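Report on the following structure.
The values are calculated or read from the model by the stated rules, or taken from the named source; none is laboratory data. Quick caveat: nothing in here was measured; it's all calculated off a predicted structure. Neighbour counts run over all protein chains shown; Cβ positions are idealised from the backbone, glycine included. Only protein heavy atoms, including side chains, enter the accessible area calculation; ligands, DNA and RNA are left aside. Shrake-Rupley method; radii C 1.70, N 1.55, O 1.52, S 1.80 Å.
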Amino acid sequence: MESPLKVLLVYPEFPDTFWSFKHALKFIRKKAGAPPLGLLTVAAMLPADWEPRLVDLNVQDLSDEDLAWADIAFVSAMAVQRDAAQAAIKRCKRAGLTVVAGGPLFVGEHEQFPDVDHFVLNEAEITLPPFLADLAAGHPQRIYATAEFPDIRQTPVPLWQLADLRQYDTVSIQFSRGCPFNCDFCNITALLGHKPRTKTADQIIAELGNLYAIGWRGNVFFVDDNFIGNKKILKTEVLPALIAWRQDKVGLPFSTELSINLADDPELMHLLVEAGFTTVFVGIETPSDAGLSECSKIQNRGRDLVESVKRLQRAGLQVQGGFIVGFDSDSSSIFQQQVDFIQMSGIVTAMVGLLQAPYGTRLYERMQREGRLTSEMTGDNVDGSTNIIPKMGLEPLREGYRWLLGQIYSPQLYYARVRTFLREYRTPAVSLRLKSDYVMAFFRSAYQLGIRGTERAQYWALVFWALFRRPKLFPLAVTLAIYGYHCRLVTELHVQ
């Protein structure tokens, strides 16, 4: 195959889940949460004379013109995008394109995609160059894989200019890969290793500077598996650099994923907040110590989890939480325990899913040995599915799950939880620019939630409570009301 080539970078659509925030994004006239960081990074690794075009199916259609223009298509996806990836691949093949696939979905399931011509698996810094070399020489192999982990200090700045950033609420960047923990249901260490590999402070500042220069003032999500996996580098290099960089900047509030042991480190919490972090996602999983022990969630054990969450909130970090039901040790009481914990902790955005076993995890291997695997996991956190046979029994688990979601996203409990959180939360120091989209979002929420919605009484009670009690947090209160609307709608539409 001769170069230069015209390459379509195709990102399949996400289904309607809690994490899609599709219904919430409509209030600010955005189409998707964030552009595909992986494909934009891969684009920066392609030959300079290639012509890339991003088609994110979450914000636009894959047109016949796109397909006629291209020579080759690169498709990246996660498990939750499986069906949409299959459909996109079939369209590309019908158009006569060579299809190259990579990303977490294909690492464990490439045999399920016979239409794909070439798989570039694991981390592209290692597997993409030999594929490109073989392609240029005219004899590309079908599978490129590696057990090695690259030095991401060599990873280029993503090609943000390929994405129409006006369509997104958030832009993602990455500081590190890998996680020092070993939770048995998580495939991060299988894919990316135990030892966190980090970029330099200069790289992060360059990426942020690039975004700022092209006019981005919105949210920035650090997609690290565990942002605090290497505390030393954070404290001595990265966070001080971010604090210095932010001094004359407006906007760009940061969020990330990290582990609950941050609550044990006041210095690191302070530095994160000063650097501009306002929100953190934490894998709480379960208030049951037996469940935590079962899944080797050692960082969560032996602590008052509610108090740990509140420490983060009081420091100025909104905690979003991941929760799981369906551990072998779970009894029918776990559903009420989860509701009680979520309410007491004030974790407003509580993402609860059934236990699933991703390929490559210790849980997957154990379920396979015990003959309890039923299928490939969907990766969907609201479809009520699991790929394992639960000890509780599938129907009691699903019934309890449906009840749990109905409770935590009911207007009464949800709005009470928002107030519990706002009472604890320290006003963030990030200087935000008031955008017209967000002003209009308030008026849309007033109509949709305050006039038409079933939560009218709770919505207006929160609005006036925030105006008089925490006026600086009023925009956040409205945002959380909109999040609740999204999660309630997803629960009603999709939880079976």
Here is a check on your reading of the model: is E125 modelled with pLDDT of 95 or more, open to solvent by less than 50 Å² (accessible area, probe 1.4 Å) and part of a helix (DSSP H, G or I)?
yes
Looking at E376, is it more than 20 Å from the chain's Cα centre (by Cα), acidic (D, E) and under 28 Å from P15 (Cα atoms)?
yes
From the option list E365, E399, E376, E395, single residue qualifying as surrounded by fewer than 20 Cβ atoms within 10 Å (Cβ to Cβ) and either assigned to a loop (DSSP other than H, G, I, E, B) or among the β-branched types (V, I, T) (or both) is E376
In the set T198, T189, T170, the lone residue that is farther than 27 Å from D56 by Cβ, open to solvent by 10 Å² or more (accessible area, probe 1.4 Å), modelled with pLDDT of 95 or more and of a type in the set (S, T, N, Q) is T198
(1) within 24 Å of the chain's Cα centre (by Cα); (2) over 25 Å from S20 (Cβ atoms) all hold for M351 apart from (2)
Given the condition out of contact with any helix residue (DSSP H, G or I) (no Cβ under 9 Å at 6 or more places or on another chain) and not in a loop (DSSP other than H, G, I, E, B), answer yes or no: does some residue in region 342-357 qualify? no
Picking from E148, E111, the residue that is farther than 21 Å from Y11 by Cβ, open to solvent by 20 Å² or more (accessible area, probe 1.4 Å) and in a loop (DSSP other than H, G, I, E, B) would be E148
In the set T491, T479, T454, the lone residue that is loosely packed, with under 13 Cβ neighbours inside 10 Å and either touching a helix residue (DSSP H, G or I) at 6+ places or on another chain (Cβ under 9 Å) or among the aromatic types (F, W, Y) (or both) is T454
Note on region 74-87: residues buried (at least 24 other Cβ atoms within 10 Å of the Cβ) and not polar (S, T, N, Q) are F74, V75, A77, A85
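Here is a yes/no grid of residues against (1) on the phi > 0 side of the Ramachandran plot; (2) in contact with a Ser or Thr (Cβ under 9 Å, 6 or more places away or on another chain):
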residue	(1), (2)
G316	yes, yes
G321	no, yes
F335	no, no
Q338	no, yes
Q343	no, yes
L354	no, yes
A357	no, yes
L363	no, no
E376	no, no
Taking region 411-439 and keeping only residues that are within 19 Å of Q320 (Cβ to Cβ), open to solvent by less than 30 Å² (accessible area, probe 1.4 Å) and modelled with pLDDT of 80 or more, one is left with Y414, Y415, R417, V418, F421, L422, Y425
